Amino acid sequence: MASTPLLPPVLGKFASFKVFCRKTWALSKPYFQSEDKWKARGLLLAIVLLNLGTVFMAVQFNDWYRVFYDSLQNKDQTVFWQQLGRFTYLAFGAIIIAVYKFYLTQLLEVRWRSWMTHNYLKRWLSDHVFYQMELARYAGTGTDTPDNPDQRIQEDLNLFTSYTIGLTMGLLNAVVTLISFVGILWALSGSFAFTVAGGSYSIPGFMVWAAIAYCAAGSVITHYIGRPQIRLNFLQQRYEADFRHHMVRVREYSESIALDKGEAVEQVQLDTRFSTVLANYLTLIKEQKNLIWFTSFFGQAAIIFPFLVAAPRFFSGAIQLGELIQISQAFGKVQDSLSWFVDNYSSLAAWRATTDRLTSFEESFVALAQARRTQAAINSVAINESADSLDTQDLTLALPTGAVLLSGLSLHAEPGENVLIKGPSGSGKSTLFRALAGIWPFSRGRTALPANAMFIPQRPYFPNGTLRDALAYPQPAGSYSDAELQQALEDALLPKLTQRLDDEDAWSQKLSGGEQQRLAIARVLLKKPAWLFADEATSALDEEAEQTLYERLLAQTRQAGGAIVSIAHRPTVAAFHGKRWELEKQPEGAPALYELRESRA
């Protein structure tokens, strides 16, 4: 009965291990059932066979040690030269196996990582998942969303495939080696005879039992010394990614930071993040140091142990030098196999942390998919290709906190009916655009959006690369001729850029705010949408340039049979719109924070 209190912790650890195995299998299985499954399975089978070949060669070398060292003890020159010749082809075979085991293992890792990376990128970039993850993370709702998805896709997938293959094949090698050498060690080690209370006892295969007891004790002690590393590895990956992400933000907003003279603040922010990285890493290496203390003692003691046990038989003449060396080698192989857990604990801890991070990432995909299904039952944003007008029916917008921003909107705009949206900051103007575009998850109702529509956000995005790629985004630049691209730049008041279509740069940092807005308008003039939704699209321009560009945008949408819906504050822009949708603050206790009122200019 005394052991009963130990059962719940043991059962809990076993249940935790089963959950981890299920997580690992869930992450691994899709690739080996994918369109690449036969190549994947073929490579895996080849690696398994090569690992078995490695063990077979180890058995052959173990026998070689016995014969070779016996020839030295007996001064048998003929056998000595025969064994050198045998060693030559054994070594040649072992080298071939080692080279191809490495090559095929790396090839499988690369192919597996490639497949998982493409799969995760596709899911991350589908259905606005990347946007909704960031929205949930920064909305302050307490949702457990994954941090740094870029790091999980770029680094964690690489670590997962590497650790999974390396550790799995290492375990297979250890098991097969144990099976192969335990019989050899049993036969060579003899019996251990001793007397207790006048009775004589004998333990057959004593060295096998000694190896098992030695390694079992070592594995238990290793686990208790090394288990803090699992959590520390998880946190290290997170803190490293946070530090790297903040440096990327400094690079992206370098001009704004320089103008604000914010270098000192950013230095403090980066120092704080790096201090967290360093503090966690120092804690991790202290834990690793403690583990290395034990594993070093454990490994060094294992070298001398078989000689201590077998030495009496050697000095008594019961065995020769070759058998002593063979016993030592066999014990070493059995001990290495049984010590696999001890030797790989740090890697296992890192693997566990990586798997946990990827599992939480996977769970976020599932949670978002469920949220989209739930949202689809109460909200639908339909692209109505047969309709030319903009319509919403009972559209309600909420904040991530649950507070209702706008309620029961039924809006309508006909082609040629340009609409200006006005309201105080934070009233939901941009959120209304997001809902019309179908990317705002906290909404319900129905929206019919004409198919040939285009949105200009407050901060337009331009991919790094050539100017023609930035202008044509997201379509391929090859879809447009140089003349079309240059004309769009001319019409957007960017004549200096017309001869730079093939220049490569980080255009979001290279261009001023006004130039970025004009480049976004050039993109609109190039693509010629019928409906345009512009969110403060000309706020960085002077009034003359703003008026010129709006006149060109209006002419284009009118010709295409559509209209412009704008968010703006300047009278210059207001003059181009005949209809107003104005958001007004509602008193406390009203159904929504704001109400939309429609009027004519």
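Rounded to the nearest 20 debye, the dipole magnitude of the chain is 2060 debye, with +1 charges on Lys and Arg beta carbons, -1 on Asp and Glu beta carbons, and the Cα centre as origin. Rounded to the nearest 0.05, the FRET efficiency derived from the C-beta distance between Arg500 and Lys528 at R0 = 25 Å is 0.65. The length gained by stretching the chain between Gln320 and Glu490 to full extension, at 0.36 nm per residue less their Cα-Cα distance, is 51.9 nm.
Restricting attention to the chain, close to 55% of DSSP beta bridges with both partner residues there are antiparallel.
Peptides 317-327, 115-125 ordered by packing proxy, namely the average of other Cβ atoms within 10 Å per residue, highest first: 317-327, 115-125. What is the calculated FRET efficiency for Ala15 to His569, with r their C-beta to C-beta distance and R₀ = 56 Å, to the nearest 0.05? With R0 = 56 Å, the Cβ-Cβ based efficiency is 0.40. Here the peptides 354-361, 76-83 are ranked by packing, the mean other Cβ count within 10 Å, and the order with the highest first is 354-361, 76-83.
Spin-label pair Ser410-Trp38: with each label point 7 Å from Cα along the Cα-Cβ axis, the two points sit 6.0 nm from one another. For the chain, the relative contact order comes to 13 percent (Cα pairs under 8 Å, sequence separation of at least 6).
Think of the chain as having a plus end and a minus end, set by charges on the Cβ of Lys, Arg, Asp and Glu; of Tyr131, Tyr480, Ala522, Tyr131 sits farthest toward the positive end of this dipole. Calculated FRET efficiency, Ile179 to Leu270, Cβ-Cβ distance, R0 = 60 Å: about 0.65 to the nearest 0.05. Each peptide in 469-482, 56-69, 261-274 gets a packing score, the mean of other Cβ atoms within 10 Å over its residues, and the list from highest to lowest is 56-69, 469-482, 261-274.
Every helix of 4 or more DSSP H residues in the chain counts as -39500 (n - 2.57), and over all residues that averages to -22000 deg cm²/dmol at 222 nm.
The figure for Trp340 is an accessible area of roughly 40 square angstrom, using a 1.4 Å probe on the protein chains alone.
The average projected area of the chain, computed from the convex hull of its Cα atoms over all directions, is 41.1 nm².
For the chain, with the dipole built from +1 on Lys and Arg beta-carbon atoms and -1 on Asp and Glu ones, taken about the Cα centre, which of Gly423, Thr168, Trp186 lies farthest toward the positive end? Final value for the positive-end residue is Trp186.
Reported to the nearest whole Å, the Cα centre-to-centre distance from the stretch 404-435 to the stretch 72-108 is 77. Per-residue accessible area (protein heavy atoms, 1.4 Å probe) orders Cys215, Cys21 as Cys21, Cys215, starting from the largest.
The values are calculated or read from the model by the stated rules, or taken from the named source; none is laboratory data. Keep in mind it's a predicted model, so treat the numbers as computed, not measured. In this analysis, Cβ positions are derived from the backbone assuming ideal geometry, glycine residues included, and neighbour counts consider all displayed protein chains. The accessibility values were calculated without ligands, DNA or RNA, using every heavy atom of the protein model including side chains. Shrake-Rupley method; radii C 1.70, N 1.55, O 1.52, S 1.80 Å.
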